[in-house]
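J.: Could you have a look at this structure, given as structure tokens, before my questions?
The values are calculated or read from the model by the stated rules, or taken from the named source; none is laboratory data. Source: prediction; values computed, not measured. All Cβ positions, even for glycine, are placed from backbone atoms using ideal geometry, and neighbour counts span all protein chains on display.
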């Protein structure tokens, strides 16, 4: 069918139309009393839609089951004859070394010299007194007694027998010596079975200018006046008093 105009309303129509889309009359109708037919122009067909692709959601690592790899069953270790001989040889060597070490220490214990004592006994050549002195201290014997000193001579001890006298004269002698050295009275102390006057104080050494702690003890024994004098730098007096001076006083004894 060719394109034309509607005989009813005069509107143009397309070749493929069967009715007039303006008045609804069939194409080619010639009679006017025909009732209009309401029709709807078909809408153009929509192009086919493209399928939508949805990206897969990745699985979380923790949601995946862990693959457990089966370990091959362990086979029991085989101990060969060679390994047994090796271990037995090593054990024998260890036993020989242990026995040799034990023998060495036993022999050393039997043949080694006894350890050197930290204290040694000093005996007055005139057999008036004796005491324990440090082994490393030097002892210089004099006509009136003995002078002791450490390795550098900074700490000393002296024991003297000065003259005959009585307890009263011994007290006067102690006071005179203390006044000369600038010492103050201190409590009396028993040494070797006798009571000794004690004086102490801080004295500056005229040789090096160092301040020393000086302690003087005086007593009378068998009409002889004995003195014991300690001198030590203040910084080391407390330690030296514990290690040297007090052991000396505790071990002092009269021999006559």
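J.: Can you pull out the residues in segment 137-175 that are surrounded by 18 or more Cβ atoms within 10 Å (Cβ to Cβ) and part of a loop (DSSP other than H, G, I, E, B)?
T.: 137, 155
J.: To continue, here is another question. Name the residues in segment 215-240 that are assigned to a helix (DSSP H, G or I) and surrounded by 17 or more Cβ atoms within 10 Å (Cβ to Cβ), would you?
T.: 237, 240
The rows are residues; the columns are (1) outside the structural domain of residue 171 (by TED's automatic domain parsing); (2) within 19 Å of residue 193 (Cβ to Cβ); (3) free of Cβ contacts under 8 Å to residues at least 12 places away in the same chain.
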residue: 207; (1), (2), (3): no, no, yes
residue: 213; (1), (2), (3): no, no, no
residue: 218; (1), (2), (3): no, yes, no
residue: 221; (1), (2), (3): no, yes, no
residue: 225; (1), (2), (3): no, yes, no
residue: 230; (1), (2), (3): no, no, no
residue: 234; (1), (2), (3): no, no, no
residue: 237; (1), (2), (3): no, no, no
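J.: Identify, please: which residue in segment 246-256 is surrounded by 17 or more Cβ atoms within 10 Å (Cβ to Cβ) and closer than 26 Å to residue 169 by Cα and is, among those, nearest to the chain's Cα centre (by Cα)?
T.: 248
J.: Taking the criterion of being closer than 17 Å to residue 162 by Cβ and out of contact with any strand residue (DSSP E or B) (no Cβ under 7 Å at 6 or more places or on another chain), would at least one residue in segment 237-246 satisfy it?
T.: Looking through segment 237-246, none of the residues is closer than 17 Å to residue 162 by Cβ and out of contact with any strand residue (DSSP E or B) (no Cβ under 7 Å at 6 or more places or on another chain).
J.: What single numbered condition from (1) touching a helix residue (DSSP H, G or I) at 6+ places or on another chain (Cβ under 9 Å); (2) under 17 Å from residue 254 (Cα atoms); (3) surrounded by 12 or more Cβ atoms within 10 Å (Cβ to Cβ) fails to hold for residue 121?
T.: (3)
J.: Related question: Does segment 188-207 include one or more residues that are surrounded by fewer than 13 Cβ atoms within 10 Å (Cβ to Cβ), outside any strand (DSSP E or B) and on the phi < 0 side of the Ramachandran plot?
T.: Within segment 188-207, one or more residues are surrounded by fewer than 13 Cβ atoms within 10 Å (Cβ to Cβ), outside any strand (DSSP E or B) and on the phi < 0 side of the Ramachandran plot.
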